[in-house]
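Let me begin by presenting the structure, written as structure tokens, before commenting on it.
The values are calculated or read from the model by the stated rules, or taken from the named source; none is laboratory data. Remember, predicted model here, so these are calculated numbers, not experimental data. Don't worry about glycine lacking a Cβ; one is built from the backbone with ideal geometry, like all the others, and counts go over all protein chains shown. Only protein heavy atoms, including side chains, enter the accessible area calculation; ligands, DNA and RNA are left aside. Shrake-Rupley method; radii C 1.70, N 1.55, O 1.52, S 1.80 Å.
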Amino acid sequence: MRATARALLLGALLLLAMLVTTREASAHVIGISRGDYTPDRTGVRADLVMRADEAALAIQGLDADGEGRVTAGELAQARAAVKAAFVDTLGVTADGEPCTPALDDASLDPPDGIRLRATYTCPHAPSHLHLHLGFLERMPADHRHLATVHLPKGDVDVLAVLARPDVDVEVLGGASYGFASLFRGGVEHILTGADHLAFLLALVLGGTLVADRRTRIGSLVAMLTAFTLGHSAALAIATLGGFAPGSRWIEPLVALSVAYVGAENLFTRSVRHRWMLTLPFGFIHGFAFAGGLLPLGLPRAQLPVALCAFNLGVEGGQLFVLALLLPPLTYLGSRAWYPKVARGLSAGIVLAGLIWFVQRVA
């Protein structure tokens with residue numbers, strides 16, 4: 001048994017090392033941009049909106065004075081670099097023939113974004129349209145681009161990422177596959193979010209430390225349900241009210257929620273009332289995602305569907321993670337050596353949460 005315990009402890013330490021060092025530790029507040037693409041008889045009109053800080057990472061010297069914000073003067077001065085980085089790398093082809101890009105306008109999009117308007121002139125009116133979002137290679141690895149192609153028979157919404165940078169549509173088709181794309185993006189968001197995975201692991205560990213099996217299962221169901229309700233309610237508030245606290249406050253709070261749940265596992269002997277804490281923590285994690293979407297200024301009619309699809313994906317990903325964690329940890333929970341391993345892992349989660357907190361307030 002001691003050998004098994006040592007093996008589990010070693011695996012836990014390796015997992016914690018990956019959680020602390022991963023680049024995706026702040027994946028809840030995701031980088032996201034929006035693109036509206038409208039084909040006509042001569043080509044395609046593109047309207048891109050992105051966060052100015054991410055654009056500055058993609059274009060060296062865009063934030064010339066290093067103040068952490070992009071001014072109208074800096075944007076105008078970097079017009080050629082902006083075109084090369086975002087307009088020229090956005091490949092548009094009509095029925096296999098390339099279209100010629102032109103940057104029509106580059107302006108600030110308050111409160112903290114930039115807007116690019118471009119025209120892609122095609123040899124003929126496109127029937128089959130292909131977009132290659134090459135600028136994703138310049139953005140952070142977890143960046144998402146919500147592409148909406150406006151067609152005569154309906155809009156097509158696609159959530160594109162670096163691994164899937166291409167969009168194909170039939171101009172006269174109009175069938176939308178955006179919901180599935182956004183749902184998949186929500187699943188990926190959970191599976192690449194180290195802070196959220198650590199939080200879920202801490203919740204499950206706390207539940208499995210309860211000796212009585214019936215109490216253990218009831219406590220786990222209660223706190224995970226409360227967390228899901230809080231997460232979903234925060235997204236609903238953001239959708240209907242257009243409100244979400246800024247990432248400057250939410251990201252450190254997410255990190256502290258991870259550290260707190262891990263610390264509670266070390267000192268408490270009962271998690272029966274933990275759902276009272278996971279409910280507000282669910283709000284914090286939910287607002288963390290919503291804060292990344294709201295600044296994009298999505299049309300009000302479009303935002304509820306986007307958030308609903310993404311949130312369902314988030315919950316689906318969460319259920320997948322729980323399905324992997326719960327059976328083995330519940331089975332091992334009856335072993336005499338398990339509490340020591342679980343508390344050792346919880347101590348590591350506390351450390352990870354505190355490290356993320358310091359990184360996010362620095």
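By how many nm would the segment from Arg69 to Val305 grow when fully extended, if each residue of separation counts as 0.36 nm and the alpha-carbon distance is taken off?
Details: separation 236, 0.36 × 236 = 84.96 nm, distance 3.10 nm.
Full extension from Arg69 to Val305 adds 81.9 nm.
Taking 7 Å along the Cα-to-C-beta vector as the label spot, tell me the Leu266-Leu354 distance in nanometres, rounded to one decimal.
0.7
Between Ser127 and Gln60, what is the FRET efficiency for a Förster distance of 30 Å, r being their Cβ-Cβ separation, to the nearest 0.05?
Details: r = 39 Å, r/R0 = 1.30.
Between Ser127 and Gln60 the formula returns 0.15.
With every protein chain left in place and a probe of 1.4 Å, what is the accessible surface of Cys99, to the nearest 10 Å²?
Approximately 10 Å² of Cys99 is accessible to the 1.4 Å probe.
What residues have an amide H closer than 5 Å to that of Leu151, excluding those fewer than 5 places away on the same chain, when H is modeled at 1.01 Å from N in the peptide plane?
Val156
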